[in-house]
Amino acid sequence: MNASPRAIPGPLDVGRLRQDFPILDQQVNGAPLAYLDNAASTQRPLAVLDAMDHYYRHDHANVHRGVHTLSHRATDRYEHARELVRGFLNAASIREVIFTRGTTEAINLVAYTLGQRLKAGDEIVVSELEHHSNIVPWQMLCERTGAVLRVGPITDRGEIDVEAMLALITPATRLVGVAHVSNALGTVNPVAEIIAAARRHGALTLVDGAQAAAHVPVDVRALGCDFYALSGHKLHGPTGIGVLYGRESVLETLPPFQGGGDMIATVSFRGTTYNELPYRFEAGTPAIAEAIGLGAAIEYLGRVGLPAIAAHEEALVDHALARLRDLPGIRFLGNPRQRVGLVSFNIDGIHPHDVGTVLDQRGVAVRAGHHCAMPVMERFGVPGSVRASFALYNTRDEVDRLVEALQLAVRMFAP
Ligand SMILES: Cc1ncc(COP(=O)(O)O)c(C=O)c1O
């Protein structure tokens, strides 16, 4: 569902959309829940819950194996979800869509399989604003192979210093990994430009799309990346399911990740041959219901419309920034020119955890901490931050309640 960026989105009927998300209709600590922790995990619409429930009630069996009707049905539904993901990312073929447990497993799959052909002196380039899951697998790979990890710096605005990052990409670079959107700052990174530079040097490219896929249309062919990773639970789908998109010609050259059932063609003690793509990378019984739930989430996002969602969230971010600016002692982390979905800040003299606790007492759920992006916190000289992150069901009223609860925190902790 790659909506044209030129499409003019109509406003979302948020009141009606909220009815699709039963979890939102509850009191937390005596106040209506304002769920502003969507960058950590989004909530699921009924369409996703129903799809998984229906599957378990009517169709469950193991996939790809049985000759019986239920197994055929389960396989059809699982493979239909793969086709939905293919369309969502505009991948050329379902052979390029590998189901994983999430973004983390997707990146580890690439780091592990690629590792078998890296050697000392090879280089991997990432940016300073990556989530730990796009740092640590590469550090582990470097430890195993003697390759070197290079880090492209970010600016005070919280944007990648593109010139400095591109200067790190050389003929020694084997892979460039970069987040499409920063989970700590909301920055939308110029991934197409970075990918193009990497390709000029013959390096592979991996985009961590965990924070992007629910907010911006993704077209892996237009981006030109070799890998794109995402998590179902960040786009209103289930936990325990994610996707690794891999360019077919690159996947063909990689060895298997895990060994076991489903990833083989034949097994004997004389030797084993492997299955075709994408099954070669899906050993064992997969997360069938979760894949079906992810497919339902993608259909749901398609019905609501990503451009309309993006416009709605942009308005919420603008409103939040305008109101938060007046809060005494507020310090924003970064000020990216291209940003989606979130604001990240500290209040002088109050630990982010204390802020988060006061907000929770008012029913406002935010994330407080390092957001699994400790290098970003180090860059800004803070132990952590408060992050309010928005989704299609959030309202201006919830942003106002965030601000009121923060005003209370300021009064409570004022010296
Ligand atoms: C940018 C980014 N990358 C990777 C991840 C890891 O995702 P998961 O825990 O679903 O594997 C996250 C999760 O917060 C993220 O925000």
Contour minus end-to-end for HIS132 and LEU408, with contour as 0.36 nm per residue of separation and end-to-end as the Cα-Cα distance? 96.1 nm
Given a 1.4 Å probe, how much area per residue of the range 48-302 is accessible, in Å²? 38 Å²
Given the whole protein assembly as supplied and a 1.4 Å probe, what does the accessible area of MET140 come to in Å², nearest 10? 90 Å²
I want to check the label-to-label distance for GLN26 and ASP360. Put each point 7 Å from Cα in the C-beta direction and report it in nm to one decimal. 1.4 nm
Probe 1.4 Å - accessible area at HIS180, Å² to nearest ten: 20 Å²
Computed FRET efficiency, Cβ-Cβ of ILE330 and ARG117, R0 60 Å: what is it to the nearest 0.05? 0.80
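About the Cα centre, and with charges only on the beta carbon of Lys, Arg (+1) and Asp, Glu (-1), how big is the dipole of the range 48-302? Nearest 20 debye, please. Present the calculation step by step, with values, prior to reporting the outcome.
Working: 21 positive and 28 negative charges, 134 e Å.
Magnitude of the dipole: close to 640 debye.
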Charge dipole of the chain built from unit charges on the beta carbon (Lys, Arg +1; Asp, Glu -1), centred at mean Cα; most positive-end Cα among HIS72, ALA388, LEU185 is HIS72
Pairwise FRET efficiency - PHE269 versus LEU70, Cβ, R0 = 22 Å, nearest 0.05: 0.10
Size of electric dipole in the range 272-318: Cβ of Lys, Arg +1 and of Asp, Glu -1, about Cα centre, debye, nearest 20: 200 debye
Please arrange GLU130, GLU143, GLU159 by accessible surface area, largest first, computed with a 1.4 Å probe and ligands excluded. GLU143, GLU159, GLU130
As a test of reading the structure, rank THR100, THR239 by solvent-accessible area (1.4 Å probe, protein chains only), most first. THR239, THR100
Give me the distance in nm between label points sitting 7 Å out from Cα along the Cα-to-Cβ direction at ALA192 and THR239, one decimal. 3.6 nm
Normalised by the residues of the chain, what does the relative contact order come to in percent, with Cα pairs under 8 Å and at least six apart? 23 percent
Rounded to the nearest 500, what is the 222 nm mean residue ellipticity of the chain from helices alone, with -39500 (n - 2.57) per DSSP H run of 4+ residues and division by all residues? -11000 deg cm²/dmol
Between ASP13 and ALA311, how many nm apart are label points set 7 Å from Cα along the C-beta direction? 1.6 nm
HIS370 accessible area, 1.4 Å probe, all protein chains in place, Å² to nearest 10: 70 Å²
Tally Lys/Arg at +1 and Asp/Glu at -1 over every other residue whose Cβ is under 15 Å from the Cβ of LEU166; what's the total? -3
For the chain, whose charge dipole is built from +1 on Lys and Arg Cβ atoms and -1 on Asp and Glu Cβ atoms, the candidate among LEU254, GLY10, LEU223 with its Cα farthest towards the positive end is LEU254
Of ARG337, ARG144, which has the most accessible area and how do the rest follow, probe 1.4 Å? ARG337, ARG144
As a test, work out the antiparallel percent of DSSP beta bridges whose residues both lie in the range 48-302, rounded to the nearest 5. 45 percent
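At 0.36 nm per residue, and after removing the present C-alpha to C-alpha distance, how many nm does the segment from TYR56 to ARG157 gain when stretched out fully?
Result for the pair: 31.6 nm of gain on full extension.
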Amide H of VAL176: which non-local residues (sequence gap of 5 or more, or other chain) have their own amide H closer than 5 Å, using H built in the peptide plane? VAL125, LEU204, THR205, LEU206
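The values are calculated or read from the model by the stated rules, or taken from the named source; none is laboratory data. Source: prediction; values computed, not measured. Using ideal geometry, Cβ is built from the backbone for each residue, glycine included, and neighbour counts are taken over all protein chains shown. For accessibility, only protein heavy atoms count, side chains too; no ligands or nucleic acids. Shrake-Rupley method; radii C 1.70, N 1.55, O 1.52, S 1.80 Å.
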